[in-house]
1. Just give me the residues in the range 191-203 being near the ligand (Cβ under 8 Å from one of its atoms) and free of Cβ contacts under 8 Å to residues at least 24 places away in the same chain, in sequence order.
2. If we keep just the residues of the range 83-137 that are β-branched (V, I, T) and part of a helix (DSSP H, G or I), which is surrounded by the fewest Cβ atoms within 10 Å (Cβ to Cβ)?
3. Suppose the filter is part of a helix (DSSP H, G or I), of a type in the set (A, V, I, L, M, F, W, C) and at pLDDT below 95; does F15 pass it?
4. What single numbered condition from (1) surrounded by 17 or more Cβ atoms within 10 Å (Cβ to Cβ); (2) under 19 Å from V140 (Cβ atoms) fails to hold for T58?
5. For K186, state whether it is among the basic types (K, R), outside any loop (DSSP other than H, G, I, E, B) and either in contact with a helix residue (DSSP H, G or I) (Cβ under 7 Å, 6 or more places away or on another chain) or on the phi < 0 side of the Ramachandran plot (or both).
6. When you scan the range 88-111, do you find a residue that is free of Cβ contacts under 8 Å to residues at least 60 places away in the same chain and touching a Gly at 6+ places or on another chain (Cβ under 6 Å), even just one?
7. Just to be sure, is D78 assigned by TED's automatic domain parsing to the domain that holds L141 and more than 22 Å from the chain's Cα centre (by Cα)?
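The values are calculated or read from the model by the stated rules, or taken from the named source; none is laboratory data. What you see is a predicted model, and the numbers here were worked out from it, not measured in a lab. Heads up, the Cβs are rebuilt from the backbone with ideal geometry, glycines too, and the neighbour counts pull from every protein chain shown.
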Amino acid sequence: MKYFTLADLKKESNFKKIKRVDKIISLLKKKYKSPKTALQYINPLQLLISVMLSAQCTDIRVNLVTPNLFKRYKKVSDFSNADHFELERIIFSTGFYRNKAKNIIACCKKIESDFNSVVPSTMVELISLPGVGRKTANCVLSEYFNKVEGIVVDTHVLRISKRLGFSKYEDAVKTEIDLMELLNKKYWLYYGSVLISHGRELCKARTPLCAECNLKYLCPSNLI
Ligand code: SF4
């Protein structure tokens, strides 16, 4: 089988790119099931806080921190009135703890003042909250509210989408826009979640394992 190259990518029409995307999705489907989040939560507030904590941190680490956290802070008002230093101490091991604590408190203050202490359920409302970007909003919307309004673009999705030639950007929002134009909406949720698995397993940041990758014939960045 002939490999798809960077030269092929340069002259690829949008129509052909969409065809290639479809083939890639069907190959990914052979390998990965759509995983649910590993984060442990029992309500949308806990999910929102967990997703905020998961930035630059593993789900496993977040799950080690949240039982204690959610025992101490149960309601939106518990977080909005939290003592910064105490909150920072509890979430310390998730990294970037100062910023995360500041955002969590500000976010819950806004949920209290603007949304009657109820976690909102639309993209526009969620991204109006401090510290909540489209990635966090997409996670909360799809995971808890069963709504797909975009594609989760984390570091793996960003890197692999660029390697596959689906977007040239380093910016998550611009990449998400490119992906939403390319992918059929029915694949938005699947694509975001399985590329995270693919990035962890094979298409690693430093050394992608292209020889073992079932996308290698369709990927212009394959190292074979
Ligand atoms: S061929 Fe290599 S660079 Fe392309 S998706 Fe597979 S592992 Fe990543």
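1. L202
2. V124
3. When the stated conditions are applied, F15 passes them.
4. (1)
5. When the stated conditions are applied, K186 passes them.
6. Within the range 88-111, one or more residues are free of Cβ contacts under 8 Å to residues at least 60 places away in the same chain and touching a Gly at 6+ places or on another chain (Cβ under 6 Å).
7. Against the criterion (assigned by TED's automatic domain parsing to the domain that holds L141 and more than 22 Å from the chain's Cα centre (by Cα)), D78 qualifies.
Yes or no, residue by residue, for (1) modelled with pLDDT under 95; (2) under 19 Å from F15 (Cα atoms); (3) among the aliphatic types (A, V, I, L, M); (4) more than 8 Å from the ligand (Cβ to nearest atom):
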{"residue": "K162", "(1), (2), (3), (4)": "no, yes, no, yes"}
{"residue": "G165", "(1), (2), (3), (4)": "no, yes, no, yes"}
{"residue": "K174", "(1), (2), (3), (4)": "no, no, no, yes"}
{"residue": "M180", "(1), (2), (3), (4)": "no, yes, yes, yes"}
{"residue": "L189", "(1), (2), (3), (4)": "yes, no, yes, yes"}
{"residue": "A211", "(1), (2), (3), (4)": "no, no, yes, yes"}
